[in-house]
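> Attaching a single structure in structure tokens format; questions to follow.
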Amino acid sequence: MLKGKTVLLGITGSIAAYKIAYLASALHKLHADVHVLMTENATNFINPITFETLTGNKCLVDTFDRNFQFQVEHVSIAKKADVVMIAPASANVIGKLANGLADDMLTTTVMACRCQKILAPAMNTAMYENPVVQDNIRKLQTYGYEVITPASGYLACGDTGAGKMPEPETLLEYILRESAFQKDLAGKKLLVTAGPTQEAIDPVRCLTNHSSGKMGYAIAKMAMLRGAEVTLVSGPTAIEPPLFVKVVPVTSARDMFEAVTGLSDEQDIIIKAAAVADYRPKQVSEDKVKKKDDQASIELERTDDILKYLGRHKKQGQFLCGFSMETRDMLRNSRAKLEKKNLDMVAANNLKVEGAGFQGDTNVLTLITQDEEVSLPLMSKEDAALKILDKILLLTTKAEA
């Protein structure tokens, strides 16, 4: 995701500094060119050799280090940077940056950067809540710095409260949002549905399906990384929702219908990846249905057809993509769905094709439009999500031309 991108990591004097080794490693594995700058105090918590080993680049601490190539080091690195993250960011460094002070390698380099700068404050709760520190944070925000709100919890000093640096996985998501992809969906509002629905039989049991929600969640994440304003309407799943995405949790098909139709008018793109139940019990028992010796049956009724409603009420310029999970006659059934429900595209897959079923991390899709059928090979669901978004962008750009 970050191939060809240069990421600067600034590390200051905080016990949380040790966590950044994981972040540096994760960025390197994503093929970023990672340069680490440390304050002198930070070297008391973790050795620079750790970062040199993980990134393959010299860890910079001393502004006047003579062991460098013939160039002004802090300026040359600043020019290369695509994003800067200072994590952990101490009260001291926050104060320096807010007031234009540059007296070490980290602050001089950051001052010379024109790219997006992200700060992750980490300190004692009383320090973080000190009005001077809060004023400095607000000042930096007016200068365009993005400041990550610290987590709350038990701190190394023994206090409990705000000031805890978020985990490296969270910090990575901030960097990915900034630099992973071109923002070709910026300005677009995109709604994705994901996961199964659950239709109650009684307070204990329900009718549902095997959908994990992974495909819809992948689409939501990739669309967010490409700059879209994303709303994810999700049935019950075990997946952690992606950051920077508005999540609307629902349970039943009726819940999803109400959530989607209530938001649909303001969306530029709607992608219906959820596996919505076609039927629900006509009567829902208020008490648990007790087991009997003879056979039992449940009378079913149709649920609301969300795609059909959206197709009938599609506004001018809105793009509507449905999903079609089949076990036979995939192309014929999916094309019939495209026509019947007034869709712009159907992403179809066959449950019987290896790697294309529920629960897995891969998919094998065919993208069907009025004019063509594009068969995609086996790929990860995140890569499949990117292909779906590529196709939608291409079609919407042609329509606007």
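Read-outs throughout are calculated quantities, based only on the coordinates presented, and are distinct from any laboratory measurement. Note that the coordinates shown come from a computational prediction; the quantities given were computed from them, not determined experimentally. A quick note on method: Cβ atoms are made from the backbone with ideal geometry, for glycine too, and the neighbour counts reach across all protein chains shown.
> Relative to the present Cα-Cα distance, how much length would full extension add between residue 58 and residue 284 at 0.36 nm per residue of separation?
Numbers: separation 226, 0.36 × 226 = 81.36 nm, distance 6.57 nm.
Difference between extended and current length: 74.8 nm.
> Also, quick follow-up: Taking amide H positions as placed in the peptide plane 1.01 Å from N, state which residues far from residue 319 in sequence (5 or more) or on other chains have amide H under 5 Å from it.
269, 270
> I need 82, 371 ordered by Cβ neighbour count within 10 Å, fewest first.
Values: 82 18, 371 6.
Final ranking by Cβ density, sparse to dense: 371, 82.
> For the chain, just run the numbers: alpha carbon Rg, then divide by 2.2 N^0.38 Å, N being how many residues it has. Present the calculation step by step, with values, prior to reporting the outcome.
Details: Rg = 25.5 Å, N = 401, 2.2 N^0.38 = 21.5 Å.
Relative to the rule-of-thumb radius for its length, the chain sits at 1.19.
> Report the full-extension gain for the segment residue 369 to residue 336: residue separation times 0.36 nm, less the Cα-Cα distance, to one decimal in nm. Provide the component values of the computation, followed by the final result.
Values: separation 33, 0.36 × 33 = 11.88 nm, distance 1.11 nm.
Roughly 10.8 nm would be gained on extension.
> Under unit Cβ charges (Lys, Arg +1; Asp, Glu -1), what dipole magnitude, rounded to 20 debye, does the chain have relative to its Cα centre? Intermediate values should be presented prior to the final figure.
On the way: 47 positive and 49 negative charges, 138 e Å.
Roughly 660 debye for the chain.
> Taking +1 at the Cβ of each Lys and Arg and -1 at the Cβ of each Asp and Glu, which of 260, 9, 374 sits farthest along the dipole of the chain towards its positive end, judged by Cα position relative to the Cα centre?
Final value for the positive-end residue is 374.
> Further question: Please enumerate, by chain and number, the aspartates and glutamates with C-alpha under 16 Å from the C-alpha of residue 292, excluding those fewer than 8 residues away in the same chain.
Hits, sequence-local ones excluded: 202.
> Pull up the cross-link candidates among the aspartates and glutamates for residue 164, meaning alpha carbon to alpha carbon under 16 Å and not fewer than 8 places away within one chain.
Candidates past the 8-residue exclusion: 129.
> For a quick check: sort 354, 229, 258 by the number of other beta carbons within 10 angstrom, fewest at the front.
Working: 354 10, 229 19, 258 15.
Ranked by crowding around the Cβ, least crowded first: 354, 258, 229.
> Taking a quarter of the surface of the Cα convex hull of the range 6-179, what do you get in nm²? Intermediate results must be reported in sequence, preceding the final value.
Numbers: hull surface 36.4 nm².
Projected over every direction and averaged, the Cα hull of the range 6-179 covers 9.1 nm².
> Rounded, prolate or oblate, given the Cα gyration tensor of the range 116-188, with a/c below 1.5 counting as rounded? Walk me through the numbers before you get to the answer.
On the way: a/c = 3.47, a/b = 1.67, b/c = 2.08.
Oblate shape, in that a/c is at least 1.5 and b/c is the bigger or equal ratio.
> If you don't mind, there's one more thing I want to ask. Rounded, prolate or oblate for the range 235-275? Axes are the square roots of the Cα gyration tensor eigenvalues, ordered a ≥ b ≥ c, and the cut-off for rounded is a/c under 1.5.
On the way: a/c = 1.87, a/b = 1.17, b/c = 1.60.
Oblate shape, in that a/c is at least 1.5 and b/c is the bigger or equal ratio.
> Take every Cα pair under 8 Å in the chain that's 6+ residues apart, average their separations, divide by the length, and report that relative contact order as a whole percent.
Working: 822 pairs, mean separation 42.7, N = 401.
Taking the mean separation of contacting Cα pairs over the length of the chain, I get 11 percent.
> Hey, what's the Kirkwood Rh for the range 316-395 if you take every pair of different alpha carbons, in angstrom? Walk me through the intermediate numbers first.
Details: mean 1/r = 0.0786 Å⁻¹.
Result for the range 316-395, one decimal place: 12.7 Å.
> Amide H to amide H under 5 Å from residue 303: which residues, 5+ apart in sequence or cross-chain, H placed 1.01 Å off N in plane?
Amide H neighbours of residue 303, under 5 Å, 5+ apart: 279, 280.
> Something else now. List the pairs from 314/391; 315/341; 315/352; 214/340; 96/117; 58/221 whose alpha-carbon separation is above 25 Å, in the order I gave them. Kindly include the intermediate steps, with their values, before the conclusion.
Working: 314/391 19 Å; 315/341 14 Å; 315/352 36 Å; 214/340 27 Å; 96/117 15 Å; 58/221 33 Å.
The pairs that break the limit, which is 25 Å between Cα atoms, are 315/352; 214/340; 58/221.
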